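J.: Below are the structure tokens for one structure; questions will follow.
The values are calculated or read from the model by the stated rules, or taken from the named source; none is laboratory data. The model shown is predicted, which means the values in this text are computed figures rather than measured ones. FYI the Cβ positions are ideal-geometry reconstructions off the backbone, even for glycines, and counts take in every protein chain you see. Side chains are part of the model used for accessible areas, which takes the heavy atoms of the whole protein and leaves out ligands, DNA and RNA. Shrake-Rupley method; radii C 1.70, N 1.55, O 1.52, S 1.80 Å.
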Amino acid sequence: MSGMPSFDAVIRRLFGQPGWTSKAMLGGALCFVPVVNLLAFGYLMEYAFRVRSTRDLDLPEWSDLGWGDLFLRGLFFAVIFLGTFALPMLVGWLLSRLLELLTFGLLGYMSYFPLGLLGFVAPALFLASLHLYVREGMFADAWNLRELLRLAVGGARALIIPSLAFWGLMALAWPVYGFAFFLGAWVMIAYSTALFVSLDPERMPSF
């Protein structure tokens, strides 16, 4: 891909690969179980590392991965997710509740504008932080605020549609949220890796 990657092209490549269904279904099923879901998170983290280094968008075979390694990678994934996705969303919710209280509810749904705004900011922050970690394999890089903001701001516009797709999937498939989260995260990781590579000054060869 030259320049900004096409979200549609990434989607077609992901869902056009053979055997993705069973791999994704296992990951989605694991997401429903607390603690065990770290294995699914670790699988997504491993996928992020592989996409970054090999440019191969195919999901790896679960049997090729060690459960202990997946669990450890899952812990790193969870910490990054909590710090750059869950925390901003919590801040957005608290700001919205405060605005609702201060305006005595007169703004209606408009009082939840901060939460809606952070709904687009949080995915960009999380994906940028994840990319910084997998770029060199240094966990401290995930918290490099200057680089994180550079990538998140640079990719914010391109991530609007993917973020809408992620939240739409989560809303429509909430009863099976584990599958929705795994599929949404898989797509977002694949697309954002291609996107952030295109934004890196000294990027590796494009996809």
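J.: Sort through Trp143, Trp174, Trp186 and tell me the only one that's open to solvent by 80 Å² or more (accessible area, probe 1.4 Å) and closer than 28 Å to Ser22 by Cα. Give the derivation first.
T.: Details: Trp143 fails: closer than 28 Å to Ser22 by Cα; Trp186 fails: open to solvent by 80 Å² or more (accessible area, probe 1.4 Å).
So the residue among Trp143, Trp174, Trp186 that is open to solvent by 80 Å² or more (accessible area, probe 1.4 Å) and closer than 28 Å to Ser22 by Cα is Trp174.
J.: Continuing with the same structure: Among the residues of region 141-179, which ones are in a helix (DSSP H, G or I) and in contact with a Phe, Trp or Tyr (Cβ under 7 Å, 6 or more places away or on another chain)?
T.: Filtering region 141-179 down to residues in a helix (DSSP H, G or I) leaves 141-143, 145-155, 160-172, 174-179.
Asp141, Ala142, Leu151, Gly155, Ile160, Ile161, Pro162, Ser163, Met170, Gly178 - these are the residues of region 141-179 that are in a helix (DSSP H, G or I) and in contact with a Phe, Trp or Tyr (Cβ under 7 Å, 6 or more places away or on another chain).
J.: List pairs: first in region 59-84 and farther than 19 Å from Val33 by Cα, second in a helix (DSSP H, G or I) and among the polar types (S, T, N, Q), Cβ under 6 Å, 6+ apart or cross-chain?
T.: What qualifies is Ile80/Ser129; Thr84/Ser129.
J.: Also, I was wondering about something else. Any idea which of Ala86, Ala40, Ala122, Ala48 is of a type in the set (Gly, Ala, Ser), out of contact with any Leu (no Cβ under 8 Å at 6 or more places or on another chain), at pLDDT 95 or above and open to solvent by less than 20 Å² (accessible area, probe 1.4 Å)?
T.: Details: Ala86 fails: open to solvent by less than 20 Å² (accessible area, probe 1.4 Å); Ala40 fails: out of contact with any Leu (no Cβ under 8 Å at 6 or more places or on another chain); Ala48 fails: out of contact with any Leu (no Cβ under 8 Å at 6 or more places or on another chain).
When all the criteria are applied, what remains is Ala122.
J.: Scan region 114-135 and give yes if some residue there is part of a helix (DSSP H, G or I), more than 19 Å from the chain's Cα centre (by Cα) and touching a residue at least 12 places away in the same chain (Cβ under 8 Å), otherwise no.
T.: Going through region 114-135, the residues part of a helix (DSSP H, G or I) turn out to be 114-135.
Keeping just the survivors that are more than 19 Å from the chain's Cα centre (by Cα) gives 114.
With the extra rule that they be touching a residue at least 12 places away in the same chain (Cβ under 8 Å), the set shrinks to 114.
There is at least one residue in region 114-135 that is part of a helix (DSSP H, G or I), more than 19 Å from the chain's Cα centre (by Cα) and touching a residue at least 12 places away in the same chain (Cβ under 8 Å).
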